Structures are given as structure tokens and as C-alpha cells.
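Take a look at the structure below.
The values are calculated or read from the model by the stated rules, or taken from the named source; none is laboratory data. Since we're looking at a predicted model, the values are computed, not measured. Counting neighbours? That spans all protein chains shown, and the Cβs are built from the backbone with ideal geometry, glycine included. Each accessible area value is taken on the protein alone, full model and side chains, heavy atoms only, with ligands, DNA and RNA left out. Shrake-Rupley method; radii C 1.70, N 1.55, O 1.52, S 1.80 Å.
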Amino acid sequence: PLGGDHYISYPILKAYDERHGPMAVIQFDAHSDLWADDDLTRIDHGTMMYKAVKTGVVDPARSVQIGIRTECDDYLGVNVIDAPTSHQIGPAEVARRVKDIVGDGPVYISFDIDALDPAFAPGTGTPVWGGLASWQAAAILRDLAGINLVGGDVVEVSPPYDTTGATAIAGAHVAM
């Protein structure tokens, strides 16, 4: 799926879980989306991954978040390669680590456009400085070739926040 609030990933992951079992997730994001919220009737883009892990549709040991640069009290066993580490080790090493984590099982990639630094993708509701450059995200995605990708999404693109259109262009390239 393309576009929308990041919460859309949760019901999609539930559907994939019915077919494949608990999923490995590669989540590109500025935020962990692991904010505690056990009310399954409440929809929120900041709790998507929390609910997915807590309900068992995501296997945290085989999942990884890339580009995180906000605080989180409990990652619930999800592996994290934060933005500073991504910058330090480079895209090829990020991709190598991700492949080691997700293994050969089915993988879902969720790309929140705010994983990119606002200099490259200002059109999002919750921008955070210090993110990935477009070239870094492109290199990581290319180097993930060969994983058992069964689905994915690109979310949180908000064109009204970006008069240049750069964010929509970045989102389109991620999807391709």
C-alpha cells in the first residue's frame, strides 16, 4: 500500500500473519511506533508496532527498525539500527545486519517517509532531524535484494507539507 497513516500497517500485518505466521518486519522510521497502548480499538500511528508485537503478528527477534532517532522506553525485543549508527556504519553494513536479522523467512518492509531527514522529505507530519539521506535509503533498499519480501508499504507522505514535491518523489522511488 502507498500512503496513509502508519497505522495501516497493523491490519495488513495481521492478514500476512494469517498466511505466513508471525512476520519479520523491516521498518524504516524516525519513531519506533512502540508507544504502549493495549486498547486494540484505538487507532494511532505511534502504536502500530507495539500492537503488532503484543498481538504476536510480528516476530520482534526477526524484525529491525532503521533510522530511529527518538526515545523509546522498551523496544519489546525489536532490533534497532538508529540513524547515528546507520550514518557511522554505512548502507552496505546496515543491509548486511538486516539480512542477518530477518533471515530467510517472509519479510514485510514498512517505510515511513520520516525515516528520511526533513532536508530530503519535509512533507510528513512528524519530521525529525538527523535522518537518512535519500541516497542512503536507496542503497540500503538495493542491498536488501534477495530477502524473502512478501509485502510492504510507504506511509506518512503528506504533500501539503511540501510545496516542492520532493517528499512525494522520494516516496515514489522507495515504492519502486
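Looking only at the range 1-36, count how many residues are among the β-branched types (Val, Ile, Thr), closer than 26 Å to Pro118 by Cβ and open to solvent by less than 40 Å² (accessible area, probe 1.4 Å). So the count comes out to 2.
The single residue among Val25, Val80 that is outside any helix (DSSP H, G or I), hydrophobic (A, V, I, L, M, F, W, C) and in contact with a Phe, Trp or Tyr (Cβ under 9 Å, 6 or more places away or on another chain) turns out to be Val25. Which ones in the range 33-73 are of a type outside the set (Lys, Arg) and in contact with a Leu (Cβ under 7 Å, 6 or more places away or on another chain)? Matches in the range 33-73: Leu34, Met49, Tyr50, Ala52, Val53, Val57, Val58, Pro60, Gly67, Cys72. Look at (1) closer than 16 Å to Ser110 by Cα; (2) aliphatic (A, V, I, L, M); (3) out of contact with any strand residue (DSSP E or B) (no Cβ under 6 Å at 6 or more places or on another chain) and you find that Ile43 fails only one, number (1). Taking the conditions exactly as written (in a loop (DSSP other than H, G, I, E, B) and open to solvent by 20 Å² or more (accessible area, probe 1.4 Å)), does Asp39 satisfy them or not? So Asp39 passes the test. If I ask for residues that are outside any loop (DSSP other than H, G, I, E, B) and either open to solvent by 50 Å² or more (accessible area, probe 1.4 Å) or of a type in the set (Asp, Glu) (or both), which ones from the range 90-104 would you list? Those that are outside any loop (DSSP other than H, G, I, E, B) and either open to solvent by 50 Å² or more (accessible area, probe 1.4 Å) or of a type in the set (Asp, Glu) (or both): Ala92, Glu93, Arg96, Arg97, Lys99, Asp100.
Only a single criterion out of (1) in contact with a strand residue (DSSP E or B) (Cβ under 7 Å, 6 or more places away or on another chain); (2) in contact (Cβ under 8 Å) with a residue 40 or more places away in the chain; (3) crowded, with 17+ Cβ neighbours inside 10 Å is not satisfied by Ala175, namely (3). What number of residues within the range 107-151 satisfy the criterion of being open to solvent by 30 Å² or more (accessible area, probe 1.4 Å) and assigned to a strand (DSSP E or B)? Here the count works out to 3.
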